[in-house]
Amino acid sequence: MTDEQLAVAREVEEWQREKFGYAKSNVVLKKAFIEDLKAADVADESVDVVISNCVINLAPDKRPVLSEIARILKPGGELYFSDVFADRRIPKHLRDDKVLFGECLSGALYVKDFGQLMSEVGLGAWGVVNHSLITVNNEKILERVGDITFYSLTVRAIKVDPSKLEDALENFGQTATYDGAIPGYEESFSLDMKNAFAKGKPTPIDGLTASLLLSSRYGSHFSITEKGSHKGIFCGENAIAGGADGWALFLAKEAKSTPAAKCAGGSCCC
């Protein structure tokens, strides 16, 4: 965040207050590095939701960024962000390429490594809300990146007690029924691409999804049945392999049939 960007934000702060009908602005603008939110006086477990739009991939080291997000989120808090990911690890010579960095490509995280990192910092309950394949049409950039596949992903992660999470999607015979009371989602609500809930319909869910829902701000809108005896791996309609492995395989298959977001140079950022 630059001083110039903050100046623009401050110029429209009063307009935003009036538009949303607040007597007093509920916005506080702070300048800091996302790797060190303590410098901005953001306290432990003080934040309900963290949002980001194509910023995390610009951080050379993602671990302190995600660790800080995990630190400031309340239990059950949510990280909701969009960013560029890749189907493999980006080689060092490409990570050091300033042009590719500016295009938001060289900082893209390998999906599986992202999942591992999320688990290590305490944000292991996550899923892909939507995605698109990024097609690189600039010949010079394409020559550099070769056959690396890039995705634009929107990710939702919930801060859940790690002791409640398992690596695989296990079946305990549970269902979740959505009450239709979230504004704008009266008929259905999608937690991620593999978990959609129609109002009033009991939907089979795995144990991880049950823990995620119960821990999150969405939990009050769901009736979730008690965990029963273990019935093996979850094989419902919304089943995928557990964790980052499952999402990586899912995205690889989806890439073959998904409309692409074109990147002709200038910026491939989502």
Could you pull out every one of the helices (runs of 4 or more DSSP H) wholly within segment 1-79 that has 1 or more residues that are surrounded by 13 or more Cβ atoms within 10 Å (Cβ to Cβ) and charged (D, E, K, R)? 13-20, 62-72
Assuming residue 135 fulfils every condition listed in (1) more than 22 Å from residue 68 (Cα to Cα); (2) surrounded by 18 or more Cβ atoms within 10 Å (Cβ to Cβ) apart from one, which condition is it? (2)
Given the criteria under 12 Å from the mean Cα position of the chain (by Cα) and within 16 Å of residue 110 (Cα to Cα), does residue 52 qualify? no
Being over 26 Å from residue 164 (Cβ atoms), modelled with pLDDT of 90 or more and within 14 Å of the chain's Cα centre (by Cα) narrows 119, 106, 82 down to just 82
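The values are calculated or read from the model by the stated rules, or taken from the named source; none is laboratory data. Quick caveat, the model's predicted, so the values are computed rather than measured. Quick reminder, even Gly has a Cβ in these numbers, built from the backbone with ideal geometry, and neighbours come from all protein chains shown.
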